[in-house]
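Notes for the one structure printed next.
Values quoted throughout were computed directly from the atomic coordinates according to the rules given, and no laboratory measurement underlies them. Note that the coordinates shown come from a computational prediction; the quantities given were computed from them, not determined experimentally.
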Amino acid sequence: MNKKLFLQAIIKFLFGVLLVGLLVFLPAGTLQFFNGWLFMGILFVPMFVARLSRV
């Protein structure tokens with residue numbers, strides 16, 4: 001994989017984390033929303049690990 005493609009994948013992943021975080025925590029009105037953190041972890045940690053296994 002070339003650097004440009006890898007950088008695009010990282011940027012899209014981070015944008016996804018930011019967007020989902022806003023959609024979860026903005027309506028909650030706080031970052032102390034345990035279910036939101038649990039959802040983010042269940043959603044994004046496996047994605048990140050799966051991506052690392054391909055490198």
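Candidate values (i) 82; (ii) 62; (iii) 106 were compared with volume of the Cα convex hull per residue in Å³ computed on the shown model; the agreeing label is (ii). When the helices of the chain are scored as -39500 (n - 2.57) per DSSP H run of n ≥ 4 and the total is divided over every residue, the value at 222 nm lands at -30000 deg cm²/dmol.
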